[in-house]
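Following: one structure in structure tokens, then a few remarks.
What follows draws every value from the coordinates through simple rules; no lab data is involved. Fair warning: this is a prediction, and the values are worked out from it, not measured in the lab. Glycine gets a Cβ as well: all are built from the backbone with ideal geometry, and neighbour counts include every protein chain shown.
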Amino acid sequence: MPVCAEVQPGAQSDAVTSNAVNRTEYPFRRESPILVSVAGWAQGRSWITPGMLLARGNLARQMLLPDMINFTDPNLDPGPQIRKVNNRILRGMSVTAATSEENPGTGMADDRAMANVLADKEDFNTRYGSLNGWREAVRKVRPTLRVPAQFSLSSLVLSAQPKTTTEVVDLMLSRFLSVPLADKSRLALIDFLDNELGTADLQQASTYMEEPLRLLTHLIMSTPEYQLA
């Protein structure tokens, strides 16, 4: 499992995913569904559910180290139905044939709901209208950039002049947490950063520490203690 990977719904998850940090006890072992209600916040600690804790950790991951290769902008993803119509038209099919639910060349319709069957008898071709709507949207919608948050944790750390990874972890904990972290979790974070940098001497790692520091920050932001900050 990749270090600090995003947690998918229903998947088991530890607070941190390196071998070192996996030894840390974590109170929430499985994600619960996040229920949205018009009732709003029920006061007290009701907002900090297992599902919400994992969702907040995933958001931190997306901000610090987003997947820039596999990301698809949801504002520019029309879905399979629009893609199918578009591909049929690009292959030279007529609008009527391209927007029909019948399989090309067979005259047989796919299994579909009655609403889709009745759609073939519409005065206005809604499928072609949706395709044109998406074409206009793609021309006008500004793409969502998928880049890491634009700040330098390396500069922040180096300005404090720490000499070891232990001092770095303590610096980051003091910056991001308002309540103490358990000693066992703190030692696990130090072990994690040592493994990521390949050394406990910060001077040796000064030129390549940015990504390990972002991974460390993600782990800190995924702890229950961070939610109380």
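Of note:
- Distance between the 7 Å Cα→Cβ label points at LEU158 and MET63: 2.4 nm.
- Here the simple spin-label model places points 7 Å from the Cα toward Cβ, and for ALA97 and PHE151 these points are separated by 5.8 nm.
- Residues whose placed amide H lies under 5 Å from that of THR164, excluding near-sequence neighbours: LEU202
- Most to least packed among 88-97, 169-178 [average Cβ atoms within 10 Å]: 169-178, 88-97
- At R0 = 22 Å, FRET efficiency that the Cβ-Cβ distance of THR199 and GLU167 yields, to 0.05: 0.95
- Spacing of the two label points (7 Å from each Cα toward its C-beta) at PHE124 and ARG186, in nm: 6.5 nm
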